[in-house]
1. Using only Cα atoms, figure out Rg for chain A and give it as a multiple of 2.2 N^0.38 Å.
2. Quick one: A:22, A:275, fewest Cβ neighbours within 10 Å first, how do they rank?
3. What FRET efficiency do you get for residue B:147 and residue A:344 if R0 is 51 Å and r is their Cβ-Cβ distance, rounded to the nearest 0.05?
4. If you count, for every residue in A:176-184, the Cβ atoms of partner chains within 10 Å of its Cβ, what is the mean?
5. To test your reading of the geometry: what angle, between 0 and 90 degrees and rounded to tens, separates the Cα axis of helix A:282-291 from the longest principal axis of chain A?
6. Give, in nm to one decimal, the length gained when the segment between residue A:93 and residue A:223 is fully stretched (0.36 nm per residue of separation minus the Cα-Cα distance).
7. Over region A:2-382, calculate the relative contact order: mean separation of alpha carbon pairs under 8 Å at least 6 apart, over the residue count, as a percent.
8. Quick one: work out the % antiparallel among DSSP beta bridges in region B:2-175, nearest 5.
């Protein structure tokens, strides 16, 4: 079981002080939070991707590479990578590079994004969201698996004899999760490829999460990747804890009431009942988290959102300290009753082992394949 | 069995909107042999409708109401007139309804107001809304001003509109697919990925 955190990189005023961090402070805080995640023993740190204020989550591989240089163990992931509006060729290059730099501590979660204007800003049509996710991923999947790709599709300029560099580390592409809250087509896509499926059920009732995960599991089996209970499932989650439960409620309430996503809507009481948001003591957070299995079966990855809604860095780090305290019990709880045949989430090491060991995937080229000239000839040619 | 759902957006209890809704319901029930009827009072769902707008998901009672509308073979929708249009609550309920749910559904539109001077609200607000939702709006809409509740003309309009709705509902084949596929359809019976892949390339 992998346990980790994910951030959406929102720059939100602290409703209790009215102060909004600067972009610089928030970017540095993100790195501090990621380092803390490794310190307390978490398995995964994932960042979102946004291309508009109030977020600092653009350029995710820059952030992840910088964090990768300051950590040793934690898996760096995304939540999510915009497969709709980002050129799959750039995704292939960026994340393969990140794999090499971090010695394989990389996976990705594909998503369609929730900010409408991002589509036109990047020259796409939002009405084609699902089709873009399907076509772009089909190309990305090939770019990491075939050294030379000829490709023609609907949304991107064609490729002839294209090699995405660097080739994936050890010849093994990063593991991919597909995240979707409400699009069964994406669960179907994850099942088809035998990839992971992540349901960020933090804003949604359990009943809906269960339906989406059930569909993915059923179709994973249908496509021959294993039995339904061997499908690779991840869930979002959200908590606020203090040693004394009532202190947690009192401290978190103003952040909840003013949160950009659900603020000024349902009461904290109603929302904690309807969704996985848990406010209370560490023991309560532990028990609630372990109960997620009742809805989706034994699963592989649990990511929590902890740095959002204007919570100050100090509070976020305290939350992580408390999470660190219940982490051993959480791991023990998740291991309890887990059948042997339910796999862990794939890692670079497990994927390399499954592929029969590491390969050097380098595509050695004599000359610049695009122009046919050696680099040293380039000066003459340019004149 | 044929399913009739009545959506009433009156705010007071009792309300003249609900009174009109009940009379329309009775007239449609009388015109059809057998029919399942459910009345949805939007006042009871007002908090959950607003929460849905803010959070993106429906609370349990609202989810049940939206499910009933999805399954309906015919709808009667009744709103009070507020500021020259349907009420905000009425519109918000249809705003949180999933796209495609009313495709081809016969709908009887009705409204209440203080005076008959508001009656064109049926034509300039309700009818375009339900046309946009791809519903089939029956030709006769029913407007009831306060005075109309003492006028025999209202009965005639109710009977005519109810007859039109019943006639359309009588022709509904409950087994025939008439809607675009919704999330619920996909969850129950997903489109195979090869088909999704093929469609993604279609211009």
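1. Computed over Cα atoms of chain A, the ratio equals 1.02.
2. Details: A:22 10, A:275 23.
Arranged by neighbour count, lowest to highest, A:22, A:275 become A:22, A:275.
3. Details: r = 73 Å, r/R0 = 1.43.
Here the calculated transfer efficiency is 0.10.
4. Numbers: counts 0, 0, 0, 0, 0, 2, 6, 2, 11.
Neighbouring Cβ atoms belonging to other protein chains average 2 per residue here.
5. Rounded to the nearest ten degrees, it is 60.
6. On the way: separation 130, 0.36 × 130 = 46.80 nm, distance 2.85 nm.
The residue A:93-residue A:223 span can extend by a further 43.9 nm.
7. Numbers: 680 pairs, mean separation 67.5, N = 381.
It comes to 18 percent, rounded to a whole number.
8. On the way: 2 of 26 bridges.
For region B:2-175, the DSSP antiparallel bridge percentage is about 10.
None of the figures in this text is laboratory data; all of them are computed from the coordinates on show. Everything quoted here is computed from the prediction, not taken from an experiment. Methodologically, a virtual Cβ is constructed for each residue, glycine included, from the backbone with ideal geometry; neighbour enumeration extends over all protein chains shown.
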